[in-house]
Amino acid sequence: MLYKNIYINLLIFLLITINCSFVAAAVHVSGAGQILVNHVETISTVDVSGNAKLRVILDLSGPYVSEYESVTDQFGTDVSVKFDNLALASNIDHTVKLDGKVADSVNFAESIDLLKIDLKSERNRFGDAVVTVVSKTKTAPYRIIIDLPLMVVSQSANISSGLRGKKIVLDPGHGGSDTGAVGPTGITEKAVNISIALQLRTMLINAGAQVIMTRDKDIDCSYPNSSDVEELSARVAYATKYKPDIFISLHNDAFYNRDSNGTGTYYFVKSNQDARLANNIQRDLIKCVGLKDRGIRKANFYVLRNTKMPAALVEVAFISNVNEEKLLTESAFQQKAAKGIFEGINDYFSGR
Amino acid sequence: MRKLALLGIIAGTLLLGGCFSDATTTNGTPAVKPATEQVVLYYANKDATKVVVEKRDVAPDKKTMQNAVTQLIAGPSDNRTHSFFPKGTKCLGVVSKNGVATVDFNDALKSVKTELGSGEQMLLIASLVNTLTEFQGVTSIQISVNGKLLKVLGDFDLSEPIGRSDELIEK
């Protein structure tokens with residue numbers, strides 16, 4: 001047994017040695033032992049949940065086997081990564097200007113046997129850079145990939161207890177030529193969304209809030225049969241004009257599996273207020289309607305990411321579920337849903 | 001003779017579709033036929049709260065992004081999971097450039113607006129981007145319908161390429 005282990009270890013050691021000597025040979029072939037950056041590509045991406053990051057791709061002349069070190073400054077606005085035995089090819093610019101969504105620029109500084117890459121932003125904060133060394137493929141050269149996540153700066157919201165004087169946008173999803181999801185008996189999401197929104201509006205006005213509705217009847221907000229993006233951008237533009245404190249989009253859920261059910265709330269991280277708004281609404285809504293709690297979740301939804309103020313998109317229930325479709329048509333249930341969202345908004349402004 | 005054997009595997013894969021894909025692998029042991037490669041597909045879990053992974057073995061020449069998307073549309077082999085795509089959806093092609101895969105669909109994709117809620121539209125994107133980023137070199141996706149790039153799918157913003165999400169995978 002012991003011999004067998006030694007044998008396996010020896011085999012692994014041999015394999016590693018063979019592998020290393022192969023890599024070393026490859027480095028040697030490429031020139032003076034220094035790897036060149038032949039091309040720089042930057043891509044800013046956002047994931048499904050709306051988390052943004054900047055990716056810097058360095059195309060290399062050969063495999064990179066040296067040491068590197070990444071340092072984030074104390075403010076998180078400057079990240080530098082130092083690579084041993086790396087240099088820029090002569091045709092590569094030392095500065096790459098970016099759109100500023102994540103970083104403003106990438107700067108390269110060369111010294112003997114060292115390449116330092118600096119990523120800076122005037123207004124954003126970064127998380128720690130993640131460096132990945134990638135092997136050559138059929139279609140791509142050896143690469144170094146640097147991923148730089150965008151962190152969100154905390155923002156103080158206009159919070160003061162009570163709803164008096166607060167400006168609140170209610171956005172009943174769909175409408176007019178757009179039915180939204182359709183339930184098993186033909187109930188449309190657009191009709192249910194506006195019923196709940198109108199009851200919520202009454203409650204908010206009675207508490208002294210100023211309510212702005214993106215629609216207050218069964219219409220398209222842009223024009224009939226407009227494209228989806230035209231319709232959503234019309235809603236955001238209309239809401240933005242009023243400089244509201246918060247934006248609430250009212251929706252209902254649907255899935256092919258008719259058993260799916262429950263309540264969920266979505267947000268996009270623009271500041272540290274968005275999750276708090278979603279959380280207050282979700283908690284109070286569950287208390288009032290008593291459906292299955294699907295929780296809060298980050299999402300890259302158009303109306304959430306394109307509004308400037310804290311925003312939440314509420315999915316009250318599943319219109320595709322036979323029981324919940326029926327509930328959604330009942331005035332008593334709509335009242336409970338409106339009350340739940342009302343309480344959530346109230347708790348948000350009280351700083352909860 | 002070798003060509004014939006390969007044809008047989010392809011025909012077998014085509015005929016069986018997703019239904020018996022487990023027949024060629026056993027958990028924890030290597031695939032029976034070394035001539036197959038693995039695709040990693042992401043479907044909806046039962047309540048559409050997360051995406052669930054399903055690994056399938058396919059003939060090497062069937063390991064293309066378009067085939068993977070076609071299998072996503074066709075649905076999982078397990079009836080506790082579900083496809084996110086509306087009936088009639090067809091993948092017309094996938095083109096990959098600079099790490100961004102652009103997936104082209106027919107008009108049927110647009111009925112997600114009447115069939116799915118916003119959260120499920122997001123999970124549809126997660127199932128697509130997670131499946132395609134399993135292919136080497138792909139880091140994000142865009143969607144087009146009949147060749148025209150979409151800016152939104154339902155409520156989901158597609159104004160820039162969308163990267164993978166591991167937090168939406170059911171563990």
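Read-outs: derived from the displayed coordinates by stated rules, not from any lab. Predicted model only: the values in this text are computed from it and were never measured. Glycine gets a Cβ as well: all are built from the backbone with ideal geometry, and neighbour counts include every protein chain shown.
A few notes on this one:
- Counted residues, the stretch A:211-247 - those being in a strand (DSSP E or B) and either of a type outside the set (Phe, Trp, Tyr) or surrounded by fewer than 20 Cβ atoms within 10 Å (Cβ to Cβ) (or both): 4
- Filter pass, residue A:289 being over 18 Å from residue A:308 (Cα atoms), β-branched (Val, Ile, Thr) and in contact with a helix residue (DSSP H, G or I) (Cβ under 8 Å, 6 or more places away or on another chain): yes
- For the stretch B:29-45, the criterion of being closer than 30 Å to residue A:317 by Cβ and in a loop (DSSP other than H, G, I, E, B) is met by at least one residue.
- The listed residues are A:71, A:56, A:81, A:96, and the only one of them that is closer than 15 Å to residue A:132 by Cβ, away from every other protein chain (no Cβ under 14 Å) and touching a strand residue (DSSP E or B) at 6+ places or on another chain (Cβ under 6 Å) turns out to be A:81.
- Filter pass, residue A:168 being within 13 Å of residue A:345 (Cβ to Cβ) and either surrounded by fewer than 21 Cβ atoms within 10 Å (Cβ to Cβ) or away from chain B (no Cβ under 14 Å) (or both): yes
- Top-ranked residue in the stretch A:169-203 [being small (Gly, Ala, Ser) and not in a helix (DSSP H, G or I); ranked as farthest from the chain's Cα centre (by Cα)]: A:186
- Residue within the stretch A:248-260 that is of a type in the set (Phe, Trp, Tyr), in a loop (DSSP other than H, G, I, E, B) and either on the phi > 0 side of the Ramachandran plot or within 13 Å of chain B (Cβ to nearest Cβ) (or both) present: yes
- Inside the stretch A:301-328, residues that are farther than 15 Å from residue A:180 by Cα, part of a helix (DSSP H, G or I) and not aliphatic (A, V, I, L, M) make up a count of 6.
- From A:37, A:56, A:46, A:106, residue being in contact (Cβ under 8 Å) with a residue 40 or more places away in the chain, touching a Phe, Trp or Tyr at 6+ places or on another chain (Cβ under 9 Å) and crowded, with 19+ Cβ neighbours inside 10 Å: A:37
- Residues being surrounded by fewer than 19 Cβ atoms within 10 Å (Cβ to Cβ), within 24 Å of residue A:36 (Cα to Cα), away from chain B (no Cβ under 14 Å) and in contact (Cβ under 8 Å) with a residue 12 or more places away in the chain - total across the stretch A:109-130: 7
- Strands (runs of 3 or more DSSP E) wholly inside the stretch B:52-171 that include at least 1 residues being crowded, with 22+ Cβ neighbours inside 10 Å: B:100-105, B:140-145
- Some residue of the stretch A:273-283 being among the basic types (Lys, Arg), under 24 Å from residue A:243 (Cβ atoms) and either within 11 Å of chain B (Cβ to nearest Cβ) or crowded, with 24+ Cβ neighbours inside 10 Å (or both): no
- Figure legend. Inter-residue proximity from the stretch A:299-322: first residues facing another protein chain (nearest Cβ under 10 Å), second residues of a type in the set (Val, Ile, Thr) and in a loop (DSSP other than H, G, I, E, B), beta-carbon distance below 8 Å, spacing 6+ or different chains. Indicated pairs: A:299/A:48; A:300/A:48; A:319/A:187.
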